[in-house]
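Written below as structure tokens is the structure these notes are about.
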Amino acid sequence: MNANELLRKGLLCITTAALCVAGVLSARALLAAQASNQDQDEEVQMGQEVFNELKTKGEIVESSPLYDVLKPIADAITRSAQPRYNHPFKFYLVHETQPNAFATPGGNVYVVDSLLYFVKNTDELSGTLCHEVSHTIHHDSVELMRKRQKLAERDLGAAVLFGHPFAIALLGALHSQGYSRDVEARADITGSDVCAATGYNPWGLVWLFQDFQNADMGQVPQILSDHPNNPNRVKALEKHFRQQPGVFGKFNPDPKSATPISVPKNASEVFIR
């Protein structure tokens, strides 16, 4: 076999090996992408189940003057937070007995109408919603439900499927302070970053925690209340602000500097049916 023939066969072997490696890498990339898409689709499905449940209960507000208060804040948060999450954020007013806010997988954020009357200023409302959006960014509710699902499957010996029972379980978890303190603390920090990027004052979340200390606990939004750990959450946020003066130094820590929230009394509401 002459030198040219050896060279040709050598190049053929190298090319074949390279194509095989490329094929393996492409297959791995494809499988990874499919797994990621499956996770994302699962989040959309989870969120849709909760939406359907709230709609069935007649809690989702379709139209109300309260949206005029919520929309500018929600739009600013969406512009800031959207690059961090693969599905569009959507904000809905809901009617429930206690002031609250909660986010579900897939991008939906639900704001209880009475929360707009509970907060003192737009920065407190913004801080609350930025905190909730951060749970979605970190996929916290997905992880929470996966852990609970594993426990249920272990105890019941059967898979827990999507549907009405799942939506009830997820809503129950979101309304019962199901997140650990570490998860809540992370959402506080990320929420303050998102809030700063919107232009709303991230001190609003601090002010809200401080208000909790003197509030009737029956009126405190459960999703944010972690009494008696609120002082620790305030300290963690203040430390975060000090560590990044370039981001947070321009914001006034005095709640008297905030713009009071203006909410129409007895605002009318039309519900999605």
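Inspection of the range 80-91 identifies at least one residue that is assigned to a strand (DSSP E or B), under 17 Å from the mean Cα position of the chain (by Cα) and free of Cβ contacts under 8 Å to residues at least 40 places away in the same chain.
Of all the listed residues (SER141, SER134, SER126), the sole one being assigned to a helix (DSSP H, G or I), of a type in the set (Ser, Thr, Tyr) and modelled with pLDDT under 95 is SER141. Looking only at residues of the range 120-144 that are of a type in the set (A, V, I, L, M) and surrounded by fewer than 24 Cβ atoms within 10 Å (Cβ to Cβ), we find that the one that is nearest to SER64 (Cα to Cα) is ILE137. Of the residues screened, GLU59 is one that is surrounded by 10 or more Cβ atoms within 10 Å (Cβ to Cβ), at pLDDT 85 or above and within 24 Å of LEU208 (Cβ to Cβ). Residues in the range 217-267 that are at pLDDT 95 or above, polar (S, T, N, Q) and either touching a helix residue (DSSP H, G or I) at 6+ places or on another chain (Cβ under 6 Å) or not in a loop (DSSP other than H, G, I, E, B) (or both): GLN243, SER257.
Of the residues making up the range 194-216, at least one is under 23 Å from VAL119 (Cβ atoms) and modelled with pLDDT under 60. With respect to ASP113, determine if the residue is closer than 25 Å to PHE251 by Cβ and of a type outside the set (Val, Ile, Thr). Spelling it out, it is not the case that ASP113 is closer than 25 Å to PHE251 by Cβ and of a type outside the set (Val, Ile, Thr).
The values are calculated or read from the model by the stated rules, or taken from the named source; none is laboratory data. Computed from a prediction, not measured in an experiment: that's the story for all the values here. Positions of Cβ are generated from backbone atoms using ideal geometry, with glycine treated the same way; all protein chains shown enter the neighbour counts.
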